[in-house]
């Protein structure tokens, strides 16, 4: 972020994090990597006008933020974050204080909203994007960003932070993307800015802000135009904090060290209008989208082609349907129907069944395909196994101590 960029936003109450970004000369734009083929998170904000966001996907943070000297009070429910009935989430910043909210500086002057997916969804690698129209005006500070899911254990900045998009109102034509981690946080964050040509303002239209995220690599783009890529080589020997699960955050701050406070030129209310937020697995992450065949030439199959959490994964005649098309990612996941192959209950014992579940980044969703054609869950150090060596259609798959048997041998792709 531009100066004075000294402090960070905090995750209010339990999250206790802070935010900033740093400017860096952008690389020449070129075509972004192709978006992915398996959707693991999507919200298109469909619903009746005035309704709150989907609570199964988002939680609402409340309170003020002394750490960055922002001026707003983040409110609950649909007070400042509501659907518009036309497929958008609208986060509204207002100059008001309807409930005598108290902020670090006294009686609050503004309200706004901040949402995150902590405890509901985490991503680890893939294509992460939001299509949004940002507000305008001095003191406005919209952001779409991510924090490491281990922030409660390791704190910030050891958790890592990926700022997909930030804008400050005094730069209507420019957005910033930044990473922060141990030894490169706050004003030392590593990032770049991207500017629209001919003085166009981001507030005038919807734009798509994205990162393509892979092990040891993050690439930023706006409307498909790449403007920076970061790897561990950019950190001067400091730790890369981005090979683990992160959760998503959307917010609209008012004032603070970086954007400065609103002034007489700032019109209220201001709105951050979000058309969609999507996370997909990357075509560049080693995906196959192909069947996995095993005992008796049958396939690993999602029962009934049902994408619901908890659906059994079984052995079945190969039929070429999407229930049998698996993407093996470089993040260690095996995905079908947009979800992950998952060991039930994080089990490690022989006989723990496998199922389809939302991708969480957990160790019960990590798999290694060996040269001996085993599919191993490293946490349990056990193999994907056809229960009782039974080749009948519908036989449930499980993990079991690796034995070299035919019921543990698989051909991927």
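In this structure, is residue 85 touching a residue at least 24 places away in the same chain (Cβ under 8 Å), within 25 Å of the chain's Cα centre (by Cα), under 28 Å from residue 50 (Cβ atoms) and not in a strand (DSSP E or B)? The answer is yes for residue 85. Scanning the range 99-112 turns up no residue that is under 14 Å from the mean Cα position of the chain (by Cα) and within 16 Å of residue 65 (Cβ to Cβ). Of the strands (runs of 3 or more DSSP E) lying entirely inside the range 362-406, those containing at least 3 residues that are closer than 22 Å to residue 303 by Cβ span 382-386, 397-400.
Results for (1) surrounded by 15 or more Cβ atoms within 10 Å (Cβ to Cβ); (2) in the same structural domain as residue 166 (by TED's automatic domain parsing); (3) at pLDDT 50 or above; (4) part of a loop (DSSP other than H, G, I, E, B), shown as yes or no for each residue.
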| site | (1), (2), (3), (4) |
| --- | --- |
| 39 | yes, yes, yes, no |
| 42 | no, yes, yes, no |
| 46 | no, yes, yes, yes |
| 49 | no, yes, yes, yes |
| 55 | no, yes, yes, yes |
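Summed over the range 205-235, the residues that are touching a residue at least 24 places away in the same chain (Cβ under 8 Å), assigned to a loop (DSSP other than H, G, I, E, B) and touching a strand residue (DSSP E or B) at 6+ places or on another chain (Cβ under 9 Å) give a count of 3. Of the listed requirements (1) over 29 Å from residue 262 (Cβ atoms); (2) surrounded by 19 or more Cβ atoms within 10 Å (Cβ to Cβ), residue 182 misses just one: (2).
When you look at residue 355, is it in contact with a strand residue (DSSP E or B) (Cβ under 6 Å, 6 or more places away or on another chain) and assigned by TED's automatic domain parsing to the domain that holds residue 122, yes or no? In short, no.
Any idea which of 151, 179, 162 is out of contact with any strand residue (DSSP E or B) (no Cβ under 8 Å at 6 or more places or on another chain) and either under 15 Å from residue 239 (Cβ atoms) or touching a residue at least 40 places away in the same chain (Cβ under 8 Å) (or both)? Walk me through how you get there before you give the answer.
Values: 179 fails: out of contact with any strand residue (DSSP E or B) (no Cβ under 8 Å at 6 or more places or on another chain); 162 fails: out of contact with any strand residue (DSSP E or B) (no Cβ under 8 Å at 6 or more places or on another chain).
Within the list 151, 179, 162, the selection yields 151.
Residues of the range 147-171 that are farther than 21 Å from residue 182 by Cβ and either surrounded by fewer than 24 Cβ atoms within 10 Å (Cβ to Cβ) or over 17 Å from the mean Cα position of the chain (by Cα) (or both): 167, 168, 169, 170, 171.
Hey, among 349, 406, which residue is farther than 25 Å from residue 39 by Cβ, at pLDDT 95 or above and touching a helix residue (DSSP H, G or I) at 6+ places or on another chain (Cβ under 9 Å)?
Numbers: 349 fails: touching a helix residue (DSSP H, G or I) at 6+ places or on another chain (Cβ under 9 Å).
Result: 406 is the single residue among 349, 406 that is farther than 25 Å from residue 39 by Cβ, at pLDDT 95 or above and touching a helix residue (DSSP H, G or I) at 6+ places or on another chain (Cβ under 9 Å).
The values are calculated or read from the model by the stated rules, or taken from the named source; none is laboratory data. Everything numeric here is computed off the predicted structure, so don't read it as measured data. Don't worry about glycine lacking a Cβ; one is built from the backbone with ideal geometry, like all the others, and counts go over all protein chains shown.
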